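Take a look at the structure below.
The values are calculated or read from the model by the stated rules, or taken from the named source; none is laboratory data. Nothing here was measured: the structure is a model prediction, and the numbers come from that model. So basically every Cβ, Gly included, is an ideal-geometry build from the backbone, and we count neighbours across all protein chains shown.
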Amino acid sequence: METDHLLASGEPLTKRLAEKGLRFTSQRKHVYEVLISQRDHPSAEEVFMRAKQTKPEISMATVYNTLDALVKCNVIRQVNVDRGAAMYCSNMNEHAHFCCDACGKVFDVTLKDAPRVAEVDMPVDFEVRSIDISLHGRCSGKCEDCGQDSNKA
């Protein structure tokens, strides 16, 4: 049996997977480790390239399937920005995403007074599953790729 991971909530990853009828495999463990090793928002292709460095036998299909399973288990979030490739976020705390229009990078940002589902005036019989907030702008040199060419965006 593989060594389990504790989620930020303190709950074992194996338990969360089991609740959805999924097994804890070495591939799922590896993809999850790749995601939590860096605080960025990689695409499936980037996760695949990182995972392949230490587990050369892993396939792209396995990465896609694992990412899908982890999203369904609420272990990671899928982040969709404009029409670009889906990205994945391992930060499950309440936060928004800042998307830089110049470099395309996505950053986690804390919302001090985040809207609560109870405060949203929803039509009768509508049920909110989640709220995704994306802010767009320029990171103004907060990353290595921005701040140098002001003509990018």
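Below are the figures for this structure:
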| item | result |
| --- | --- |
| Enumeration of residues in the stretch 7-47 that are touching a helix residue (DSSP H, G or I) at 6+ places or on another chain (Cβ under 7 Å) and small (Gly, Ala, Ser) | ALA44 |
| Candidates ARG28, ARG39, ARG77 - the one that is farther than 22 Å from ARG129 by Cα, buried (at least 17 other Cβ atoms within 10 Å of the Cβ), touching a residue at least 12 places away in the same chain (Cβ under 8 Å) and of a type in the set (D, E, K, R) | ARG28 |
| Residue within the stretch 46-63 that is at pLDDT below 90, over 23 Å from ASP108 (Cβ atoms) and of a type in the set (Val, Ile, Thr) present | no |
| Residue check, ASN93 exposed (fewer than 11 other Cβ atoms within 10 Å of the Cβ), of a type in the set (S, T, N, Q), in contact (Cβ under 8 Å) with a residue 40 or more places away in the chain and farther than 18 Å from ARG138 by Cα | yes |
| Residues satisfying the stated conditions in the stretch 38-84, i.e. more than 12 Å from the chain's Cα centre (by Cα) and small (Gly, Ala, Ser) | ALA51, SER59, ALA61, ALA69, GLY84 |
